[in-house]
2 protein chains.
Amino acid sequence: MVVKVLRLGHRPVRDKRISTHLALVARAFGAEELIYTGVQDKGFKESVEKVVDSWGGRFQLKHSESWKKVFKEFDGQIVHLSMYGEDFQKKVPELSEDLLVVVGGKKVPSQVFDESDFNLSVGNQPHSEVSALGVFLYEFFGPEGLYKDFEGAERKINPSARSKDVESLTN
Amino acid sequence: MVVKVLRLGHRPVRDKRISTHLALVARAFGAEELIYTGVQDKGFKESVEKVVDSWGGRFQLKHSESWKKVFKEFDGQIVHLSMYGEDFQKKVPELSEDLLVVVGGKKVPSQVFDESDFNLSVGNQPHSEVSALGVFLYEFFGPEGLYKDFEGAERKINPSARSKDVESLTN
């Protein structure tokens, strides 16, 4: 099973936080990589690497010059998340195990709609690509996807009703 | 059933997009109102009102001086979403129909943990409040919550496998 996320058209100043949220969601819900197109951004990379260093796992952030190249090289199904697409709940059972999940970007080229295997919506209302990605991956991996261990973490959280229980794992 | 969202500590420049995403998620997934504390922000209000004008429904954005006031005035259960909390999946069946869902804010006062009825996590990894809110509401309302009609909309989307099918509802 290989799940990667492709974020289209990153703009460093305007999109920094949204793109970082997308990367954290991709990682937390079980994807192994986020590839982004648009402007290459050191600060974005550093934010993500800092999280991986502390919280573990092998999640990677990569930049690509072109979504077409990413589409071409990916060996699996391509799912474009869009408010215009078909109801994702109906299609998740048809998906294969290897997925590239594509999220916009303000202006998504119509070729992305044409060349994706599925255009799927998480609701048809104006929404958020961050939440759409989270809900989609939650539905795709199933609820247990959220509570796995991340190898090599320096710390982990023990769920608590009232306090912040953070356990250090280094010695 | 009354579901409201409380966003703590909004900062106009830094949080504009994240807070707007939170409001869109709250609306799209069936909440009726987002209340925010922090700095009052006209631009934020205008963005949300523009969406409601075009896409319908009665979603409202409100500002409050203090989370304590919001907690006090709310008649129902208060659920604080936090990466430190208990697994939300186990607790959703215990929740009442009237909910105030609280999301941070960089520095959440420890009193928020104390005075909430539940502190719940959507995974215990660094994540995104936008996605946490989406996944929580998706689990709480059930999948059908996402595809309801919004009264008074000027347009709506007809889900499509390949194209952007936007229907105008005004004449």
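Counting only strands (runs of 3 or more DSSP E) that fall entirely inside the stretch B:115-171 and contain at least 2 residues that are touching a strand residue (DSSP E or B) at 6+ places or on another chain (Cβ under 7 Å) and at positive phi, no element qualifies. Each residue in the stretch B:135-148 was checked for being over 28 Å from A:Ile78 (Cβ atoms) and touching a residue at least 60 places away in the same chain (Cβ under 8 Å), and 3 pass. Within the stretch B:127-150, restricting attention to residues that are more than 15 Å from B:Ala28 (Cα to Cα) and modelled with pLDDT of 95 or more, the residue that is nearest to the other protein chains (Cβ to nearest Cβ) is B:Ser128. Scanning the stretch B:151-171 for residues that are within 8 Å of another protein chain (Cβ to nearest Cβ) and crowded, with 16+ Cβ neighbours inside 10 Å yields B:Lys156, B:Ile157, B:Pro159, B:Ser160.
The values are calculated or read from the model by the stated rules, or taken from the named source; none is laboratory data. The shown structure was predicted, so the numbers you read here are calculated from the model rather than taken from an experiment. Cβ sites come from the backbone with ideal geometry, for glycine too, and all protein chains shown count toward neighbours.
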